[in-house]
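The values are calculated or read from the model by the stated rules, or taken from the named source; none is laboratory data. The structure presented is a predicted model; accordingly, all values stated were derived computationally and were not measured. All Cβ positions, even for glycine, are placed from backbone atoms using ideal geometry, and neighbour counts span all protein chains on display.
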Amino acid sequence: MGKVVVIDHPLIQHKLTLIRDKNTGSKDFREIVKEMSMLIGYEITRDLPLQEVEIETPLCVTKSKSIAGKKLGLVPILRAGLGMVDGILQLIPAAKVGHVGLYRDPETLEPVEYYCKLPTDVEERDLIVLDPMLATGGSAIAAIGFLKDKGVTNIKLACIIASPEGIKAFHDAHDDVDIYVASVDEKLNDHAYIVPGLGDAGDRLFGTK
Ligand code: PRP
Ligand code: URA
């Protein structure tokens, strides 16, 4: 069963309070989402495998650790997932970035795909899918379904806020994918918004409201 890792580091929790606040404008919202993503990226990469390599310091030859294993890829779910890319790329600059475009139909609440561009070797990479909000779970379920259809086998999901309903639906669909999140909030409201949440993450990132 996939696990849910709630990252309760004080810096993340403090920054979460700032982005929940409706008076935080887009510029600050974007910067804080980027900072939080870097901190989430730090946790999500904690179990990366290491190998010993031989190097030469200015003083002697020695063995030291270097990241081993498969190459990494980031897949933001457009639009709001874009806000999480730069923070994680600062930690793993060699990661390739694929994009999956989905919007949630406001009537049916079902995800609709409108864009998909992935690295050509995507099936050889370990992927981190990025989306700040896991509400009903529909978008993340669909995006990860596409990636599995392309042959990807090792995926983690990085979010900022998740609902209990979204986590359950997500793990019912993808029980092999771990979720890393800053907060599991109380519930979804009648419009499938997360409560207390932070509102519409895409609109707040890009100032489109
Ligand atoms: C938001 C959010 C997630 C999705 C979550 O995107 O960024 O992708 O809703 O809801 P779900 O778990 O119920 O699918 P939205 O569809 O508003 O598109 P946007 O990122 O372009 O704003
Ligand atoms: N998408 C968002 O951006 N916010 C929510 O609360 C739910 C879906």
Just to be sure I understand, how many residues within segment 171-200 are more than 12 Å from ligand 1 (Cβ to nearest atom) and farther than 18 Å from Val5 by Cβ? 6
Does any residue in segment 119-140 that is buried (at least 24 other Cβ atoms within 10 Å of the Cβ) come within less than 6 Å, Cβ to Cβ, of a residue that is among the hydroxyl-bearing types (Ser, Thr, Tyr) six or more places away or on a different chain, and which pairs are these? Ala135/Ser163
Considering segment 27-81 alone, what residues qualify as being farther than 23 Å from Gly98 by Cα and among the aliphatic types (A, V, I, L, M)? Leu50, Val53, Ile55, Leu59, Val61
Qualifying positions in segment 141-177 - surrounded by fewer than 22 Cβ atoms within 10 Å (Cβ to Cβ) and under 10 Å from the mean Cα position of the chain (by Cα): Lys156
Assess whether Thr136 counts as being within 13 Å of ligand 1 (Cβ to nearest atom), over 27 Å from Thr45 (Cα atoms) and not hydrophobic (A, V, I, L, M, F, W, C). no
Strands (runs of 3 or more DSSP E) completely within segment 16-115 that count 1 or more residues being under 14 Å from Leu130 (Cβ atoms) and of a type in the set (D, E, K, R): none
Filter segment 190-209 for residues that are part of a loop (DSSP other than H, G, I, E, B) and over 14 Å from Leu16 (Cα atoms); the one that is farthest from ligand 2 (Cβ to nearest atom) is Gly207
Just one of Leu102, Leu89, Leu130 is of a type outside the set (S, T, N, Q), at pLDDT 95 or above and closer than 22 Å to Asp176 by Cβ; which is it? Leu130
Determine whether segment 151-160 contains at least one residue that is in contact with a Leu (Cβ under 9 Å, 6 or more places away or on another chain), within 11 Å of ligand 2 (Cβ to nearest atom) and in contact (Cβ under 8 Å) with a residue 60 or more places away in the chain. yes
List pairs: first residue in segment 183-194 and closer than 19 Å to Met36 by Cα, second residue near ligand 2 (Cβ under 9 Å from one of its atoms) and part of a loop (DSSP other than H, G, I, E, B) anywhere in the structure, Cβ distance under 7 angstrom, at least six positions apart or on different chains. Asp185/Ser163; Asp185/Gly197; Ile194/Ala135; Ile194/Ser163; Ile194/Asp185
Determine which single condition Ile67 fails, assuming it passes every other condition in (1) buried (at least 17 other Cβ atoms within 10 Å of the Cβ); (2) without any contact (Cβ under 8 Å) to a residue 40 or more places away in the chain; (3) more than 16 Å from the chain's Cα centre (by Cα). (1)
Conditions: (1) at pLDDT below 95; (2) on the phi < 0 side of the Ramachandran plot. Gly69 meets all but one. Number of the miss? (2)
Considering residues that are within 19 Å of Arg20 (Cβ to Cβ), part of a loop (DSSP other than H, G, I, E, B) and of a type in the set (A, V, I, L, M), the number found within segment 149-178 is 1
Would you be able to say whether some residue in segment 78-98 is more than 15 Å from ligand 2 (Cβ to nearest atom) and either on the phi > 0 side of the Ramachandran plot or acidic (Asp, Glu) (or both)? yes
Say whether the condition of being more than 23 Å from Asp8 (Cα to Cα), surrounded by fewer than 20 Cβ atoms within 10 Å (Cβ to Cβ), out of contact with any Phe, Trp or Tyr (no Cβ under 9 Å at 6 or more places or on another chain) and modelled with pLDDT of 95 or more is met by at least one residue in segment 178-188. no
Of all residues in segment 1-51, which are surrounded by fewer than 14 Cβ atoms within 10 Å (Cβ to Cβ), modelled with pLDDT of 95 or more and in contact with an Asp or Glu (Cβ under 6 Å, 6 or more places away or on another chain)? Lys3
